[in-house]
2 protein chains.
Amino acid sequence: MAPPRAVGILGGMGPAAGADFVRLFVQACTAYLQDHGQPVRDQAFPEHWLVQMPIPDRTQALSGTPPGPQDPAPHMLQGIGRLAALGVRSVAVACNTAHVWHSQLQGLFPQLAILHIAQETAAHLQRQGATRAVVLATAGTYRTGLYDEALRSCGIEPLVPDAAGIEQLMQGIYDGVKQGDLALAAQRFGHVLEGMRRQHGDVPVIMGCTEIPLALPQAPEAQGASLVDPAWILAQALARQAYEAA
Amino acid sequence: MAPPRAVGILGGMGPAAGADFVRLFVQACTAYLQDHGQPVRDQAFPEHWLVQMPIPDRTQALSGTPPGPQDPAPHMLQGIGRLAALGVRSVAVACNTAHVWHSQLQGLFPQLAILHIAQETAAHLQRQGATRAVVLATAGTYRTGLYDEALRSCGIEPLVPDAAGIEQLMQGIYDGVKQGDLALAAQRFGHVLEGMRRQHGDVPVIMGCTEIPLALPQAPEAQGASLVDPAWILAQALARQAYEAA
């Protein structure tokens, strides 16, 4: 097996989710090695870099026009630029909403493969034969149609909560996970999920904000649901980039 | 409050422990902000970098003399050098055994504060009034007297398992955690802990290898034990470096 390539992770949005993404990436590399009959030892893992830096809030930026000093894109570019200088060849961005700026970032760094979390997730669900999927996300992600577009282009109908449900998700993300209150987050996320399951039955549920998987799986309303974690799908795609890309 | 300074984490020894260290650092920053009455939001966290790279096995290097191409020190220097180039001012090394090379690394990077996991842990236990402590670690760490020295200089007597116990710990670390078999690891670690508790009673137990806290706390034999996680102590020290150092 050729030595794996160095890869990078842009985090900080929020930091707990970024840390969790590294855990998922290590887990994905372990699974990759095992699936390919390779011994799992420290030295078999690809070099990988994580940067977590203060980046202006994505949803907040998307509510103002035009984007001002609170535009997150230049901050993301600053981080990705340094990852590129370190010699990484692929980058994963550990934040769903941030992917609104994906084409801008990718356009400025043609030497990097910047993975796209919603496209990876939609392709994964398509392979599994899904035709509908619930999307749980931030108001910013809904507003940009990030998952709508990726899912529809894979023939999957996106199902989204109403305005009150989105407000509950935002409370779970901002007052819950981002402030370390996982119980509050699980309560808010669980309540929204319960409503969506009652309305739509058992369809895949995309946890389309990296903060949601940190609390929703622990909610009683999530038991038996087909939860899909885009961060896990992205981590597996990044592992493949490290081990396979030429 | 002045903007926090950028800090770095050298990981990959092993990668699961490095990922967990980022989680602990984020948790330590959250606690720091809360303790100082500051709002916890993404932008309040210090810029931090993690590099996980293939580094030759530390314990293996310590069993051969003189160190050959499998010497981990140059690899660690390569990682720390790039962290320094990124502008970090303090570095934590997410591996206990690797601290054998601490003075060499610190000597070559006088512009960085490279924290010392065993000294931070010993100082923490001294503040708590401990006079004895069980040390669970790799054969490499025991051989170098890393914790022995740090603890004794703080007036704390180190208590270590016998050769058979050390062999059990090594199995838990290498065949268990490093290969993703946490159940095996918990069984091996728990067995050694049980023996030490029977012999020495309820003294603080230093989990002096970053792989041990990933499995020991789940072992039934660990219930009620005074487990001390040096990685958590180190993460808190790194958070103070980011928020406080001038």
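The values are calculated or read from the model by the stated rules, or taken from the named source; none is laboratory data. Everything numeric in this text was worked out from a predicted model, so none of it was measured. We place every Cβ from the backbone using ideal geometry, glycine too, and count neighbours over all the protein chains shown.
Filter the range B:69-100 down to the residues that are modelled with pLDDT under 95 and hydrophobic (A, V, I, L, M, F, W, C), then identify the one that is nearest to B:Thr121 (Cα to Cα).
B:Cys95
I'm told B:Ala98 meets every condition in (1) outside the structural domain of B:Gln236 (by TED's automatic domain parsing); (2) among the small types (Gly, Ala, Ser); (3) buried (at least 20 other Cβ atoms within 10 Å of the Cβ) except one. Can you identify the failing condition by its number?
(1)
Can you pull out the residues in the range B:55-71 that are crowded, with 23+ Cβ neighbours inside 10 Å and more than 9 Å from chain A (Cβ to nearest Cβ)?
B:Arg58
Report, by residue number, each residue of the range B:198-228 that is more than 16 Å from B:Val160 (Cα to Cα) and in contact (Cβ under 8 Å) with a residue 60 or more places away in the chain.
If the condition is that a residue be more than 16 Å from B:Val160 (Cα to Cα) and in contact (Cβ under 8 Å) with a residue 60 or more places away in the chain, then B:Thr210, B:Glu211, B:Pro213, B:Leu214, B:Leu216 are the ones that fit.
So which of A:Asp148, A:Asp181 is closer than 28 Å to A:Leu10 by Cβ, in contact with a strand residue (DSSP E or B) (Cβ under 9 Å, 6 or more places away or on another chain) and without any contact (Cβ under 8 Å) to a residue 24 or more places away in the chain?
A:Asp148
Quick check on the range B:83-98. Is at least one of its residues in contact (Cβ under 8 Å) with a residue 12 or more places away in the chain, part of a loop (DSSP other than H, G, I, E, B) and among the basic types (Lys, Arg)?
Looking through the range B:83-98, at least one residue is in contact (Cβ under 8 Å) with a residue 12 or more places away in the chain, part of a loop (DSSP other than H, G, I, E, B) and among the basic types (Lys, Arg).
Among what's in the range B:39-54 and is within 7 Å of another protein chain (Cβ to nearest Cβ) and in a loop (DSSP other than H, G, I, E, B), pick the residue that is surrounded by the fewest Cβ atoms within 10 Å (Cβ to Cβ).
B:Arg41
Which is crowded, with 20+ Cβ neighbours inside 10 Å, within 13 Å of the chain's Cα centre (by Cα), without any contact (Cβ under 8 Å) to a residue 40 or more places away in the chain and in the same structural domain as B:Ala222 (by TED's automatic domain parsing), of B:Ala137, B:Ala122?
The conditions single out B:Ala122.
Does the range A:67-74 include one or more residues that are part of a helix (DSSP H, G or I) and touching an Asp or Glu at 6+ places or on another chain (Cβ under 9 Å)?
Yes: the range A:67-74 contains one or more residues that are part of a helix (DSSP H, G or I) and touching an Asp or Glu at 6+ places or on another chain (Cβ under 9 Å).
Suppose the filter is among the polar types (S, T, N, Q) and under 17 Å from the mean Cα position of the chain (by Cα); does A:Ser90 pass it?
yes
If you go through the range A:8-38, how many residues are more than 18 Å from A:Leu214 (Cβ to Cβ), facing chain B (nearest Cβ under 7 Å) and touching a strand residue (DSSP E or B) at 6+ places or on another chain (Cβ under 6 Å)?
Residues that pass the stated criteria total 0.
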